[in-house]
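J.: Questions regarding the structure given below will be posed in turn.
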Amino acid sequence: MNIAKKLFVQSMAISTGILFLNGVNAVIQHFAGNDIILLWYHPITIVLTGVLCALPTVLLRDADQWDRKKFIIRVSLHCLSLYAIVIAAGRLFGWYTDPESCVSVSIVFFIVYAFVWLSSHWLDKQDEKKINHALDTIRDEE
């Protein structure tokens, strides 16, 4: 998958994951007797954060050529840089105001990170299957 497509897909996956988990949290909070207020600017801040979080994906280019140690270091740096972006965005955009809600944002971050990692891996495998199928078709015709 080329880098522009990967950045777009990850931006959308991150934004979707954040919006979905915020929806789940809102339902849980509603039934617990606490309503969540979604301010007018929250949806655009979520999309903006999704775009900003997709940018460090450049750190993971050519990951299949790394040894295990380099892979673990790069993925750790990637995760920490995204976490820093999300915590800074959460503070700037008012997603949390106290340590308890910061922990909630942190939990959502790690769930979304795992979701995006798995979905990106799945999409890469699907692209790989399509390419292999196309190559097999070309070979069969020869």
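The values are calculated or read from the model by the stated rules, or taken from the named source; none is laboratory data. For clarity, every value in this text was computed on a predicted model and none was experimentally measured. Glycine also receives a Cβ, built like all others from the backbone with ideal geometry; neighbour counts cover every protein chain displayed. Quick note on the areas: whole protein, heavy atoms, side chains included, nothing else; ligands and nucleic acids left out. Shrake-Rupley method; radii C 1.70, N 1.55, O 1.52, S 1.80 Å.
J.: In the chain, carbon and sulfur make up what percent of the accessible area (probe 1.4 Å)?
T.: Answer for the chain: carbon and sulfur cover 67 percent of the accessible area.
J.: Follow-up. Determine by what factor the alpha-carbon radius of gyration of segment 2-71 differs from 2.2 N^0.38 Å, reporting the quotient.
T.: In units of the globular-protein estimate, segment 2-71 measures up at 1.49.
J.: Something else about it: Rank Tyr41, Val9, Leu135 by how far each Cα sits towards the positive end of the charge dipole of the chain (+1 on Lys, Arg Cβ; -1 on Asp, Glu Cβ) and give me just the farthest.
T.: Final value for the positive-end residue is Tyr41.
J.: Then there is this: Quote to one decimal, in nm, the extra length available between Ser106 and Leu38 on full extension: 0.36 nm per residue of separation minus the C-alpha distance between them.
T.: Here the segment from Ser106 to Leu38 would lengthen by 22.6 nm.
J.: Still on this structure, I have one more. Identify the chymotrypsin sites (Phe, Trp or Tyr not before Pro) of segment 36-142 meeting these criteria: DSSP loop state and at most 14 other C-beta atoms within 10 Å of the C-beta.
T.: Here the sparse-neighbourhood loop sites are Trp40, Tyr41, Trp66.
J.: May I pose another question? Any chance you could tell me what percent of the C-alpha pair distances in segment 49-131 go past 20 Å?
T.: Percentage above 20 Å: 41.
J.: Now for a separate question. Two decimals is fine: what is log10 I(q)/I(0) at q = 0.08, 0.12 Å⁻¹ for the chain, from a Debye sum with one equal scatterer on every Cα and no solvent?
T.: -0.29, -0.58
J.: Need the full-extension length gain, Ser76 to Leu55, defined as separation in residues times 0.36 nm minus the C-alpha distance. One decimal, nm.
T.: 6.0 nm
J.: Between Lys130 and Val27, what is the FRET efficiency for a Förster distance of 30 Å, r being their Cβ-Cβ separation, to the nearest 0.05?
T.: So the FRET efficiency works out to roughly 0.20.
J.: Once you place label points 7 Å from the Cα toward the Cβ at Leu19 and Thr97, how far apart are they in nm?
T.: So the label points at Leu19 and Thr97 sit 2.6 nm apart.
J.: Angle check, please: helix 42-54 long axis (alpha carbons) against the longest principal axis of the chain (alpha carbons), in degrees 0 to 90, nearest 10.
T.: 40 degrees
J.: Per DSSP helix of 4 or more residues, -39500 (n - 2.57); summed, then divided by the residues of the chain. What does that give at 222 nm, rounded to the nearest 500?
T.: Helix contribution divided over all residues of the chain: -28000 deg cm²/dmol.
J.: Further, regarding this structure: Can you tell me the FRET efficiency between Asn2 and Ala88 if r is taken as the Cβ-Cβ distance and R0 is 41 Å, rounded to the nearest 0.05?
T.: 0.90
J.: Run the dipole for the chain about the Cα centre, Lys and Arg Cβ at +1, Asp and Glu Cβ at -1, nothing else charged, and hand back the magnitude in debye, nearest 20.
T.: 360 debye
J.: Taking only Cα atoms, what is the 0 to 90° angle, nearest 10, from helix 68-93's long axis to the longest principal axis of the chain?
T.: The angle comes out at about 30 degrees.
J.: Related question: Counting other Cβ atoms within 10 Å, which trypsin sites (Lys or Arg not before Pro) in segment 1-73 have at most 13 and lie in a DSSP loop?
T.: Arg61
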